[in-house]
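Engineer: One structure follows; several queries about it will come next.
The values are calculated or read from the model by the stated rules, or taken from the named source; none is laboratory data. None of the values given here were measured: they were computed from a predicted structure. Cβ placement follows ideal geometry from the backbone for every residue including glycine, while neighbour counts extend to all protein chains displayed.
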Amino acid sequence: MKGIETKLKGCFVIEPTIFGDERGYFFESFNKEKFKELTGVETEFVQDNEAFSNRGVLRGLHFQKGKFSQAKLVRVVKGKVLDVVVDLRPDSKTYGETVSYVLSEENKKQLFVPRGFAHGYAVLEDNTVLVYKCDNYYEPASEGGIIYNDTSLNIDWMLSENEIILSAKDRILKSITEFKY
């Protein structure tokens, strides 16, 4: 297993060691001690979530704020997504910057999203299943978001505008300059 820190401090791509043969494959998707050794982050995940979506669905950019802020460890079990994070930590040198990675059932990469970040993803294949661990419980009153097409973020979602399918809630999110974390 490898942990590679992105340009956003505290945000890591986790690449598992995959053991395969004629029967299939095996890999360890999470090991608390190895995770800490690779990232320097000690976390206690308390909730696992799973989402099924078809190509074109875009979820995000979402975050939890205050005492319900969440760190996430995201991976794709089936299909493929473009996973995007935005640094929202007010004192960060990379505030407002983004990173994006393709996560897929083939590459089995995971993305660790620390607290203080917005997170979203665009589904690039039909029948995609994304799972993620959270280190805090979901609290609707603490949720927030940034509009996916914020021009100051300039995110290439790898989908054409007419392919994108948004929830009603995600259509009315504000730009990064209009939100309060």
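Engineer: For the stretch 50-66, how many residues are of a type in the set (A, V, I, L, M, F, W, C) and farther than 9 Å from ALA122 by Cα?
Structural biologist: Here the count works out to 4.
Engineer: Related question: Select from the stretch 5-18 the residues that are hydrophobic (A, V, I, L, M, F, W, C) and at pLDDT 95 or above and list them in ascending order.
Structural biologist: Correct list: LEU8, CYS11, PHE12, VAL13, ILE14.
Engineer: Of the residues GLY20, GLY10, which single one is touching a strand residue (DSSP E or B) at 6+ places or on another chain (Cβ under 9 Å) and surrounded by 11 or more Cβ atoms within 10 Å (Cβ to Cβ)?
Structural biologist: Answer to the selection: GLY10.
Engineer: When both residues are 6+ apart or on different chains and their Cβ atoms are under 8 Å apart, which pairs have a first residue that lies in the stretch 158-179 and is hydroxyl-bearing (Ser, Thr, Tyr), and a second that is part of a loop (DSSP other than H, G, I, E, B)?
Structural biologist: Close Cβ pairs satisfying both conditions: SER175/ILE147; SER175/ASP150; SER175/THR151; SER175/SER152; THR177/SER152.
Engineer: Another one. Name the one entry in LYS2, LYS36 that is without any contact (Cβ under 8 Å) to a residue 40 or more places away in the chain, farther than 25 Å from LEU159 by Cβ, surrounded by fewer than 12 Cβ atoms within 10 Å (Cβ to Cβ) and among the charged types (D, E, K, R).
Structural biologist: LYS2
Engineer: In the stretch 6-37, which residue that is of a type in the set (Asp, Glu) and more than 30 Å from GLU97 (Cα to Cα) is nearest to the chain's Cα centre (by Cα)?
Structural biologist: GLU28
Engineer: Being loosely packed, with under 11 Cβ neighbours inside 10 Å and more than 16 Å from the chain's Cα centre (by Cα) is the filter; apply it to the stretch 39-55 and report the residue that is farthest from THR128 (Cα to Cα).
Structural biologist: GLU42
Engineer: Next up: Got a sec? Which of PRO114, PRO90 is in contact with a Gly (Cβ under 6 Å, 6 or more places away or on another chain) and of a type outside the set (Lys, Arg)?
Structural biologist: PRO114
Engineer: Just one of LYS133, LYS108 is basic (Lys, Arg) and at positive phi; which is it?
Structural biologist: After ruling out the rest, the residue left standing is LYS108.
Engineer: Residue under question is THR94, and the condition is that it be farther than 24 Å from GLU139 by Cβ, β-branched (Val, Ile, Thr) and out of contact with any strand residue (DSSP E or B) (no Cβ under 6 Å at 6 or more places or on another chain); does it hold?
Structural biologist: no
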